[in-house]
Amino acid sequence: MTLQTARPTPDPNPTNMIPRLDIRRIDRVFGGRKVVDDVSLTVLPGQVTCLLGPSGCGKSTTLRIIAGVDRQDAGEIRIDGQLVCDTVFRLPPERRSVGLMFQDFALFPHLSVAENVAFGLTGPKAARRARVEDLLDRVALGRFIDAYPHELSGGEQQRVALARALAPRPKIMLMDEPFSGLDNRLRDEIRDQTLQVLKDEGAAVLLVTHEPDEAMRMADEIALMRGGRIVQQGAPYNIYNAPVDRAAAAFFSDIN
Ligand code: ADP
Ligand code: MG
């Protein structure tokens, strides 16, 4: 069997691309309050979209609904053109082709690095092994293939979690504040390495963050969220230079 190479090829007709993720008019109500309010968003193949906003604005709830571990009260979600949920139909999380990464890397402590990365893989053993080795090389952890999570630093564990989430080639990667558990000193470097790996894999990514500088550094597209709503969406440069209102300007003002 030949292994797929995951290098992205440029799409000759980007305007005709089916979005990897297409969220339409999602609401989520908790205790009578709309925590997610009419949120629509698309992520195109190979793109990193950042859902950016202050703590409590509804980012994680949105991500949980996409992953399928929570449900919406209105609206629908498509992944690669396929309906995964509306208000009557729900595909279970394991059938949505989503890769998940959270602040807490949640590696399996009793499994080796190789076993962690192979966890979601199916197919012939040799192909699984080749995929694990390739990914671990790409996150510069080849020498730790037989190590256990407790033997690794925080940054190394983060990269194992990245390799594990990418291994089954999910159609969309959902990342919820994946760098906030890391040492300040390391964070920029790990953000850059992570972005490089995501781009090399051609992954489509929805990255949740409350840090404007992280969104500016990583995003192709930013969706600015506040009070459950998306208040502005566009290229980082445009959002930074032409914030929609005073509150958006203030939110970006402490970037240096
Ligand atoms: P963010 O990730 O942007 O910090 P969240 O999506 O976690 O925000 O939360 C948005 C709001 O929804 C918060 O006010 C939070 O308290 C509330 N919330 C989240 N989950 C629940 C829940 N299961 N029940 C009730 N309220 C919730
Ligand atoms: Mg959150």
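Each reported figure results from applying straightforward, stated rules to the coordinates on display, with no laboratory input. Everything numeric in this text was worked out from a predicted model, so none of it was measured. Using ideal geometry, Cβ is built from the backbone for each residue, glycine included, and neighbour counts are taken over all protein chains shown.
Viscosity 1.306 mPa s, temperature 10 °C: Stokes-Einstein D of the chain from its Kirkwood Cα radius, in µm² per second?
Details: Rh = 18.9 Å.
D, rounded to a whole number, is 84 µm²/s.
Would any residue of region 158-191 have its amide N under 18 Å from a label point 7 Å out along Cα→Cβ of R143? List them or say none.
In region 158-191, the label zone of R143 (backbone N under 18 Å from the point 7 Å along Cα→Cβ) covers 158-160.
Among the aspartates and glutamates, which fall within straight-line cross-link reach of K34, defined as a Cα-Cα distance under 12 Å, with same-chain neighbours fewer than 8 residues apart omitted?
Within reach: D73.
D70 versus F30, label points 7 Å from Cα toward the beta carbon: distance in nm?
Between D70 and F30, the simple spin-label model gives 0.5 nm.
Taking amide H atoms as placed 1.01 Å from N in the peptide plane, list the residues 5 or more away in sequence, or in a different chain, whose amide H sits under 5 Å from that of V35.
R28, V29, F30
Amide H to amide H, which residues 5 or more places from L51 or on other chains are under 5 Å from it, using H placed in the peptide plane?
L207, V208, T209, A223
Could you work out [θ]222 nm for the chain from helices alone, using -39500 (n - 2.57) per DSSP H run of at least four and dividing by all its residues? Round to the nearest 500 deg cm²/dmol.
Theoretical 222 nm ellipticity from helices: -9000 deg cm²/dmol.
Which log10 I(q)/I(0) values, to two decimals, does region 122-254 give at q = 0.11, 0.13, 0.21 Å⁻¹ under the Debye formula with one point per Cα?
-0.47, -0.63, -1.27
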